[in-house]
Amino acid sequence: MFGFWEKELTPEEEDQLIERAASAIAKRGLEAPAILFFEMHRPLANVGGHLMVASSAFLVPFFGRDQVDDYSRLLSKPASVDRLIQRLESQAQGAT
């Protein structure tokens, strides 16, 4: 279709994406709701990643093809979601 998921994310790319997402969430002060959301939807992480690809026609104009591709690959792995949750928790603890 659009060439989504042609290559795997490297660990460095995953770290950058997690840091970017965590920073954007923390900037808005939404750590607690984001942690709750990701904890509740962790079993559906793979479905969420595929849903992002399926809805790419709506997401790409707002976020760009590369970001939709990268975050869909990141969120399709439960281990990456766990790392994002841990990063958000550490930011929330550092803020208090």
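All of the numbers you see were taken from the coordinates with simple rules; none came from a lab. Everything quoted here is computed from the prediction, not taken from an experiment. FYI the Cβ positions are ideal-geometry reconstructions off the backbone, even for glycines, and counts take in every protein chain you see.
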Going through region 52-82 one residue at a time, which ones are polar (S, T, N, Q) and buried (at least 18 other Cβ atoms within 10 Å of the Cβ)?
Ser56, Ser72, Ser76, Ser80
Please report, ordered by residue number, the helices (runs of 4 or more DSSP H) entirely within the chain with at least 2 residues that are polar (S, T, N, Q).
11-27, 65-75, 78-95
Tell me yes or no: at least one residue of region 33-45 is touching a residue at least 60 places away in the same chain (Cβ under 8 Å), in contact with a helix residue (DSSP H, G or I) (Cβ under 7 Å, 6 or more places away or on another chain) and not β-branched (Val, Ile, Thr).
no
